[in-house]
């Protein structure tokens, strides 16, 4: 069973046991939390986007680690003026694991 969820402003196609890196979350390392914002559900090759079924679905996640992402450089330059600027930054990331995708038995 797989699901499409919204997390950190992005959509992810996930299955049970998957490990993802997303922008930093409020939850700390080792905490479990539940997401009810499920966009679609795939079970036995059938994709479901019916809102009546999806409103009762949820995905349980666990935060495994917090780390920094890869360094990204931004460089600006204007010709003939001598202007140049170099900046860099690293995003803070949370590593999460999909523990369980839960759907109600009556509507599955």
Across the range 37-48, the tally of residues that are without any contact (Cβ under 8 Å) to a residue 40 or more places away in the chain, surrounded by 12 or more Cβ atoms within 10 Å (Cβ to Cβ) and either within 17 Å of the chain's Cα centre (by Cα) or outside any strand (DSSP E or B) (or both) stands at 4
Kindly list, by first and then second residue, each pair from a residue in the range 91-104 that is over 17 Å from residue 10 (Cβ atoms) to a residue that is modelled with pLDDT of 95 or more and part of a loop (DSSP other than H, G, I, E, B), limited to pairs with Cβ atoms under 7 Å and residues at least 6 apart or on different chains. none
How many of the residues in the range 83-92 are assigned to a loop (DSSP other than H, G, I, E, B) and loosely packed, with under 10 Cβ neighbours inside 10 Å? 1
Counted residues, the range 9-36 - those being surrounded by 15 or more Cβ atoms within 10 Å (Cβ to Cβ) and free of Cβ contacts under 8 Å to residues at least 40 places away in the same chain: 2
Applying the selection to the range 2-36, what residues are more than 12 Å from residue 61 (Cβ to Cβ), under 12 Å from the mean Cα position of the chain (by Cα) and not in a strand (DSSP E or B)? 9, 24
Here is a list: 53, 96. Which entry is part of a helix (DSSP H, G or I) and surrounded by 14 or more Cβ atoms within 10 Å (Cβ to Cβ)? 53
Can you tell me which residues in the range 61-82 are assigned to a loop (DSSP other than H, G, I, E, B) and surrounded by 10 or more Cβ atoms within 10 Å (Cβ to Cβ)? 69
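The values are calculated or read from the model by the stated rules, or taken from the named source; none is laboratory data. This structure is a prediction, so every number in the text was calculated from the model and none was measured. Cβ: placed from backbone, ideal geometry, glycine included. Neighbour counts: every protein chain shown.
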